[in-house]
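Below is one structure, written out as C-alpha cells, with a few remarks after it.
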Amino acid sequence: MIRTWGLLALLFSLCLSGCGSLLATLESDAIEEDPGERSLAAQVLDESIETKAIVNLRAGNDGFDDAHLVIVAYNGFVLLAGQVSTRALKDEAPDIVKKIEGVRRIYNELTVASNSDATDRAHDTWLTSQVKSALLFSSDTPSTRIKVVTEADVVYLMGLLTEEEADRAAAVAADVGGVERVIKMFEIIYPRAI
C-alpha cells in the first residue's frame, strides 16, 4: 500500500515538473498579466475588506445594527449601499470604512430610508440576474470582468474595463426592463499598445 502511494506521488511530481517545460516549449513570448483581471490576492483582499467593513461599521456605531447594508469591494473600490436611519450614519460610514487596509476608493450610495423588504430585495436579485444575462449575451461586453450589484432598482457596475467597454456595459444594463438607473464604478484600464 505504501509502495503504491509512493509510486503515485512520484508519477504525480513527474507530471507536474513536465508542465512548466511543456509551456515553455509551446509559448515563446513572455507571459504577461492581463490588466483586466484581478489577481487571487486582490480577490482575497476584497473579501477581507467586505467582512471588515460590516464588522467595523456595526462595532463603530450601534445604529448600523438595524441598517440594511450592502458592501461590495472590487479591486479596492468599495460600494456602500442599502438603507440607514439617519444622515449621520450615512456620513459616518465612509469614515469608518476608509481606515481598512486595501481600500482605494469609496462610493457612498447609502440612502436615508426604512430598510427594504424581502420583496424589494428579491426584485433586486432578479434585476441583477437579468443584467448579468444581458451582459453575458452581449458580444461587446466582457461579462466575466463585471460585478453587478442592484439595490432599490439601481444597478451598480464594478470591474476593470477600458472606457469603451465600460460605456457599452452601462448601455446594456440600462436597456434591461425595470432598471431605474445605472451607476458605473469601474476602474478604467488602458489597452496595451501592440
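Just for segment 141-189: of the residues that are in contact with a strand residue (DSSP E or B) (Cβ under 7 Å, 6 or more places away or on another chain) and part of a helix (DSSP H, G or I), which one is farthest from residue 118 (Cα to Cα)? Checked segment 141-189; the qualifying residue farthest from residue 118 (Cα to Cα) is 163. For segment 1-97, the helices (runs of 4 or more DSSP H) that sit wholly inside it and include 1 or more residues that are more than 25 Å from the chain's Cα centre (by Cα), surrounded by fewer than 18 Cβ atoms within 10 Å (Cβ to Cβ) and at pLDDT below 70 are 2-26.
Being over 16 Å from the mean Cα position of the chain (by Cα), buried (at least 18 other Cβ atoms within 10 Å of the Cβ) and either modelled with pLDDT of 95 or more or among the basic types (Lys, Arg) (or both) narrows it down to one residue among 155, 148, 176, 103; which is it?
On the way: 155 fails: over 16 Å from the mean Cα position of the chain (by Cα); 148 fails: over 16 Å from the mean Cα position of the chain (by Cα); 103 fails: over 16 Å from the mean Cα position of the chain (by Cα).
One residue alone meets the criteria, 176.
Only one of 79, 69 is without any contact (Cβ under 8 Å) to a residue 60 or more places away in the chain, of a type in the set (A, V, I, L, M) and within 21 Å of residue 185 (Cα to Cα); which? Of the residues listed, the single one that is without any contact (Cβ under 8 Å) to a residue 60 or more places away in the chain, of a type in the set (A, V, I, L, M) and within 21 Å of residue 185 (Cα to Cα) is 69.
Do we find that residue 140 is modelled with pLDDT under 95 and either of a type in the set (D, E, K, R) or under 18 Å from residue 73 (Cα atoms) (or both) in this structure?
Yes.
Looking at segment 169-194, which of its residues are within 21 Å of residue 35 (Cβ to Cβ) and out of contact with any Leu (no Cβ under 9 Å at 6 or more places or on another chain)? If the condition is that a residue be within 21 Å of residue 35 (Cβ to Cβ) and out of contact with any Leu (no Cβ under 9 Å at 6 or more places or on another chain), then 190, 191, 192, 193, 194 are the ones that fit.
The values are calculated or read from the model by the stated rules, or taken from the named source; none is laboratory data. Computed from a predicted structure; not experimentally measured. Methodologically, a virtual Cβ is constructed for each residue, glycine included, from the backbone with ideal geometry; neighbour enumeration extends over all protein chains shown.
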